[in-house]
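Presented below is the structure to which this report refers.
The values are calculated or read from the model by the stated rules, or taken from the named source; none is laboratory data. Fair warning: this is a prediction, and the values are worked out from it, not measured in the lab. Note that each Cβ is placed from the backbone with ideal geometry, even for glycine, and that neighbours are counted across all protein chains shown. All accessible areas refer to the heavy atoms of the entire protein, side chains included, with ligands and DNA or RNA removed. Shrake-Rupley method; radii C 1.70, N 1.55, O 1.52, S 1.80 Å.
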Amino acid sequence: MAKKREIQEYTIDPAAQQMIIRAEELGIGTAFSRADNMAPCNIGAAGMCCKQCGMGPCRLTKNGDVGVCGATLETIQARNLTRAIAAGSAAHSDHGRDMAFILKAAANGEAEGYRIKDVAKLRMVAAYYDIKIEGRAPEEIANDLADLYIAQFGQQRGEVAPVRRAPKKRQERWKAHNVIPRGVDREVVEALHRTHIGDDQDYEHILDHAIKTGLSDGWAGSMIATDVSDIIFGTPAPVLGQANLGVLKDDMVNVVVHGHEPTLSEMIVAASQDPEIIEYAKAAGAKGIQLSGICCTANEILMRQGIPAAGNFLHQELSIMTGAVESMVVDVQCIMQALVELAKNFHTKIITTSSKVKIKGATHIEFDEHHAFSIAKQILKESIDNYKNRGKTHIPQIKEDLIPGFSHEYINYMLGGSYRASFRPLNDAIMSGRIRGVAAIVGCNNPRSKQDYLHVQVVRELLKKDVLVVQTGCGAIASAKLGLLLGEAGIDQVGPGLREVCETVGIPPVLHMGSCVDNTRILTVLTQMVEEGGLGDDIDQVPAVGLAPEWMSEKALAIATYCVASGAYVIFGGQSPISGMPDRVTDSDHVLKYISEGWEKKFGGKLEFIADPDEMIRATLEHIDKKRAALGLPEWKADRFGRSGDAQMVELEALPLDQRRAAIYGVAAD
Ligand code: CUV
Ligand code: SF4
């Protein structure tokens, strides 16, 4: 039976609440109501169903059950999980591949509108691979780097090149367990092969290949995507941005870009500033064009151009519900098919642009990097033409400011300044206990849990305990919408030690590091922290935890896997896809145990599914403290720090004038 939730149970975001109420008034379904109506299958949800062949599907519901082929629950769960990780790795990496091809085209002057924007980053990245830099034009270097990067995908033997950027100890550990990816495509294909009927049927052996597949994402596919995006569009640095549905404008043509790639959206940004297009919009009676983004396409242009984010994953339908969106331009990943039916209730055009993604009923304008600027202009013109069809609008007047753009390069710079950029101050702050540890809180929204609630709850509580938070993806947008990505906002709710550091360096306590592929920036930060010294000689010794409280995508599982393989403790919220049934805990324990204790023995990192936010927070802090102790660092104490200037000012201001004088000048009050 469908169970409808109260509005507060759907989301904590007031803008989203307004739009869900509007959907109910109009009798239009959204992911929120569909989640109520679609009861999940208990057997599938727990990973106890196998449909890998035509003798099945086999559902293992009783102790000792095996499939028609004899496959055990452990095998089935390991195969299901590994296939999900392979799909997630494929998605990220295919994006990385396309970026590498764009780099190649840009280097050879074949990509209209693209150029090598960040030469410093190009040289830095090329140097990792001993590509000759001196005396060469950026295009020549970029051409070599593009060739090297394109080759990572189809490489058959050896090691993918970016793994050499990991700490030495880490590389040795990977080598010892034979999990260094040979080539991205090869590992994904082998994951599919090994999980086919009648292949690999030792669950530990299957899951170790999931590690190798995940590594091909984190230390190749996604890392390549981030590198090339920075080289072509610029390495992010802090900018002022805004987030939530209130960024849509009543008197402008609203174009929402949604999906994951920066290639077309960056071009749409450029085209929207073209005088011809602005004139065209004005002729249509609009004041201009308001661009905004959803999901990681939003993050990409938010942190490089300050283009506002209309919201995260669950805002894709809600933005259309405003009636103010002329077009939603989508590329790849996390795009709901429901958009097309939903848009029929309004005037919004859904425009698909990727050769890989078409949706029945949508308008398809295929993107081609050789004519990107012209295509972007065409898309904008069609959107402007649609402005006259707009009916009544309903834009929630809710938005928040934020400062995104904390690339690892910028974090490095801001800590030390341009002459002595380094991670030393961060390491020192952790070693002294001002910062207790670091938490990366990332990943999606999921309509089965209250939108943004888990993200924000975990962020807030960890900040109070002096944990520095870095975010990407939809998690970052969740915090942005609630005003947590600004220095001033919420600094008084941050633990005293962390607050001192934030005030001294001038950073917000939550750092927005970008899109989902930019989780590789976190790998780079962790590596540089290790190399800086004082926090051990490998990533698994750093007091750091990764969390994805509201995950839903296979890509999230791929990220989890490469973080575990890199040495991190990773906590996922919500439903565990391998939980088994309560009466089967002894059996399903094997896989759950293996990805936790088993992987920890081998790789120093572990993956656990914890639904309760309080327990998530407790486990995070416990892990951080355990790592601190192992490094011989002082135990974290709540009241050891916090006598920084700003904190004292607040106290002083509360005193009557004479006492304040006395406190400042040390003279007795008269
Ligand atoms: Ni990947 S984080 S819903 S968009 S994968 Fe999509 Fe970035 Fe999750 Fe959000
Ligand atoms: Fe059933 Fe085995 Fe086929 Fe899976 S592979 S569906 S368990 S027979």
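Taking into account only those residues within the stretch 306-354 that are of a type in the set (S, T, Y) and either under 24 Å from the mean Cα position of the chain (by Cα) or assigned to a helix (DSSP H, G or I) (or both), which is nearest to V517 (Cα to Cα)?
S354
Would you mind finding the one in K399, K392 that is more than 28 Å from E622 (Cβ to Cβ) and either over 24 Å from the mean Cα position of the chain (by Cα) or free of Cβ contacts under 8 Å to residues at least 24 places away in the same chain (or both)? Walk me through how you get there before you give the answer.
Details: K399 fails: either over 24 Å from the mean Cα position of the chain (by Cα) or free of Cβ contacts under 8 Å to residues at least 24 places away in the same chain (or both).
Within the list K399, K392, the selection yields K392.
Kindly provide the set of residues from the stretch 205-231 that are open to solvent by less than 10 Å² (accessible area, probe 1.4 Å) and over 18 Å from the mean Cα position of the chain (by Cα), ordered by number.
Across the stretch 205-231, the qualifying residues are I206, L207, H209, A210, I211, T213, I231.
A quick yes/no check of all residues on (1) of a type in the set (G, A, S); (2) part of a helix (DSSP H, G or I); (3) within 16 Å of ligand 1 (Cβ to nearest atom):
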site: V517; (1), (2), (3): no, no, yes
site: E531; (1), (2), (3): no, yes, no
site: G546; (1), (2), (3): yes, no, yes
site: Q575; (1), (2), (3): no, no, yes
site: G598; (1), (2), (3): yes, yes, no
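Does the stretch 76-88 contain at least one residue that is modelled with pLDDT of 95 or more, away from ligand 1 (no atom under 16 Å from the Cβ) and open to solvent by 40 Å² or more (accessible area, probe 1.4 Å)?
Yes, the stretch 76-88 has at least one match.
So, in the stretch 389-409, of the ones that are open to solvent by less than 10 Å² (accessible area, probe 1.4 Å) and part of a loop (DSSP other than H, G, I, E, B), which residue ends up nearest to G241 (Cα to Cα)?
P404
Count, please, the residues in the stretch 361-374 that happen to be under 28 Å from the mean Cα position of the chain (by Cα) and either within 20 Å of K104 (Cβ to Cβ) or exposed (fewer than 15 other Cβ atoms within 10 Å of the Cβ) (or both).
Here the count works out to 7.
Check A476, A440 and return the single one that is open to solvent by less than 20 Å² (accessible area, probe 1.4 Å), in contact (Cβ under 8 Å) with a residue 12 or more places away in the chain and part of a helix (DSSP H, G or I).
It is A476.
Do we find that R448 is of a type outside the set (A, V, I, L, M) and within 16 Å of ligand 1 (Cβ to nearest atom) in this structure?
For R448, the condition - of a type outside the set (A, V, I, L, M) and within 16 Å of ligand 1 (Cβ to nearest atom) - is met.
Here is a list: E317, E276. Which entry is open to solvent by less than 10 Å² (accessible area, probe 1.4 Å), among the acidic types (D, E) and away from ligand 2 (no atom under 16 Å from the Cβ)?
Values: E276 fails: open to solvent by less than 10 Å² (accessible area, probe 1.4 Å).
Only one candidate passes the filter, namely E317.
Out of G70, G47, G54, I need the residue that is buried (at least 17 other Cβ atoms within 10 Å of the Cβ) and either within 16 Å of ligand 1 (Cβ to nearest atom) or closer than 26 Å to T195 by Cβ (or both). Which one?
It is G47.
For residues that are closer than 17 Å to K344 by Cα, outside any helix (DSSP H, G or I) and not hydrophobic (A, V, I, L, M, F, W, C), scanning just the stretch 9-31, find the one that is most open to solvent (accessible area, probe 1.4 Å).
Filtering the stretch 9-31 for residues that are closer than 17 Å to K344 by Cα, outside any helix (DSSP H, G or I) and not hydrophobic (A, V, I, L, M, F, W, C), the one most open to solvent (accessible area, probe 1.4 Å) comes out as G27.
Only residues that are within 14 Å of S579 (Cα to Cα) and either within 14 Å of ligand 2 (Cβ to nearest atom) or not assigned by TED's automatic domain parsing to the domain that holds A210 (or both): list them for the stretch 80-97, please.
N80
All but one of (1) open to solvent by 50 Å² or more (accessible area, probe 1.4 Å); (2) in contact with a strand residue (DSSP E or B) (Cβ under 6 Å, 6 or more places away or on another chain); (3) over 30 Å from N254 (Cα atoms) hold for R434, so report the exception by its number.
(2)
Quick one: in the stretch 545-563, which of the residues that are surrounded by 24 or more Cβ atoms within 10 Å (Cβ to Cβ) and farther than 17 Å from G218 by Cα is nearest to ligand 2 (Cβ to nearest atom)?
Residue satisfying both the conditions and the ranking: W551.
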